[in-house]
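The values are calculated or read from the model by the stated rules, or taken from the named source; none is laboratory data. Note that the structure is predicted; figures quoted are calculated from it, not measured. All Cβ positions, glycine included, derive from the backbone under ideal geometry; neighbour counts span all protein chains shown.
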Amino acid sequence: MVRVICFFFVLVLVGAPSVCTAGGTVSLSELDPLLRQKPDLRMFLISALDMDDTVMAAVRFGSHVKFLGGARIGPYMIKARPKTPANASPIEVVLCTDTRFFDASGRVTQEETNATRLEEKLSVVMLREANSAPAIPNCP
């Protein structure tokens, strides 16, 4: 019986944090407002790369975040392939963001659990080999 309890305790310790910080997907069109913050960079990415429409977000807020439950924030990872040459190896575009959280009165807050709204600012764009380690990149 003690072993069963210990097993479930370890399972909760290992599994619970991943539920809170699990990523999720968004469409590339949902990230267009973020890319439009840097129009020249956006134009370069669109003209030089064929990017997948499905984008992986590093963080998805769980239901414990009352007003932002289900929201996703960066970094965002987009699978892409250079348009030329035709046989170019796939790459990954990483969009790093700075996130600010706002409470109900519109003030910036550090507590995401009390936040009612968030804003992301595109801070860095990185290109890296597809399927690079770590899976979630370390943004500067």
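One line per residue, one yes/no per condition, for (1) in a loop (DSSP other than H, G, I, E, B); (2) within 19 Å of the chain's Cα centre (by Cα); (3) surrounded by 13 or more Cβ atoms within 10 Å (Cβ to Cβ):
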site: Phe101; (1), (2), (3): no, yes, yes
site: Ser123; (1), (2), (3): no, yes, yes
site: Ser132; (1), (2), (3): yes, yes, yes
site: Asn138; (1), (2), (3): yes, yes, no
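Just for segment 116-133: of the residues that are of a type in the set (A, V, I, L, M) and modelled with pLDDT of 95 or more, which one is farthest from Gly70 (Cα to Cα)? Before the answer, list the steps.
Here is the first cut: in segment 116-133, the ones of a type in the set (A, V, I, L, M) are 118, 122, 124-127, 130, 133.
Still in the list and also modelled with pLDDT of 95 or more: 118, 122, 124-127.
On the way: Leu118: 12, Leu122: 20, Val124: 24, Val125: 24, Met126: 25, Leu127: 27 Å.
The qualifying residue farthest from Gly70 (Cα to Cα) is Leu127.
Residue by residue, here is whether (1) among the hydroxyl-bearing types (Ser, Thr, Tyr); (2) farther than 26 Å from Phe61 by Cβ; (3) modelled with pLDDT under 95; (4) assigned to a helix (DSSP H, G or I) holds:
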| position | (1), (2), (3), (4) |
| --- | --- |
| Arg3 | no, yes, yes, yes |
| Val12 | no, no, yes, yes |
| Cys20 | no, no, yes, yes |
| Ser29 | yes, no, no, yes |
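Could you check how many residues of segment 114-140 are touching a residue at least 60 places away in the same chain (Cβ under 8 Å) and either among the hydrophobic types (A, V, I, L, M, F, W, C) or more than 18 Å from Gln37 (Cα to Cα) (or both)?
5
Is there a residue in segment 103-115 that is out of contact with any His (no Cβ under 7 Å at 6 or more places or on another chain), in a strand (DSSP E or B) and not β-branched (Val, Ile, Thr)?
No.
I'd like the residue in segment 84-96 that is in contact with a strand residue (DSSP E or B) (Cβ under 6 Å, 6 or more places away or on another chain) and assigned to a loop (DSSP other than H, G, I, E, B) and, out of all such residues, is nearest to Arg42 (Cα to Cα).
For segment 84-96, the residue satisfying everything is Pro90.
If Gly70 satisfies all but one of (1) of a type outside the set (Lys, Arg); (2) closer than 17 Å to Leu31 by Cα; (3) part of a strand (DSSP E or B), what's the number of the condition it fails?
Result: Gly70 passes all but (3).
The rows are residues; the columns are (1) in a helix (DSSP H, G or I); (2) within 19 Å of the chain's Cα centre (by Cα); (3) at pLDDT 95 or above.
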{"site": "Met43", "(1), (2), (3)": "yes, no, yes"}
{"site": "Ile46", "(1), (2), (3)": "yes, no, yes"}
{"site": "Met56", "(1), (2), (3)": "no, yes, yes"}
{"site": "His64", "(1), (2), (3)": "no, yes, no"}
{"site": "Gly74", "(1), (2), (3)": "no, yes, yes"}
{"site": "Arg81", "(1), (2), (3)": "no, no, yes"}
{"site": "Asp98", "(1), (2), (3)": "no, yes, yes"}
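Quick one: is Thr25 at pLDDT 95 or above, within 20 Å of Glu120 (Cα to Cα) and touching a strand residue (DSSP E or B) at 6+ places or on another chain (Cβ under 6 Å)?
On the way: at pLDDT 95 or above: no; within 20 Å of Glu120 (Cα to Cα): yes; touching a strand residue (DSSP E or B) at 6+ places or on another chain (Cβ under 6 Å): yes.
Considered against the rule, which asks whether it is at pLDDT 95 or above, within 20 Å of Glu120 (Cα to Cα) and touching a strand residue (DSSP E or B) at 6+ places or on another chain (Cβ under 6 Å), Thr25 comes out as no.
Among the numbered conditions (1) surrounded by 13 or more Cβ atoms within 10 Å (Cβ to Cβ); (2) without any contact (Cβ under 8 Å) to a residue 40 or more places away in the chain, tell me where Lys83 comes up short.
(1)
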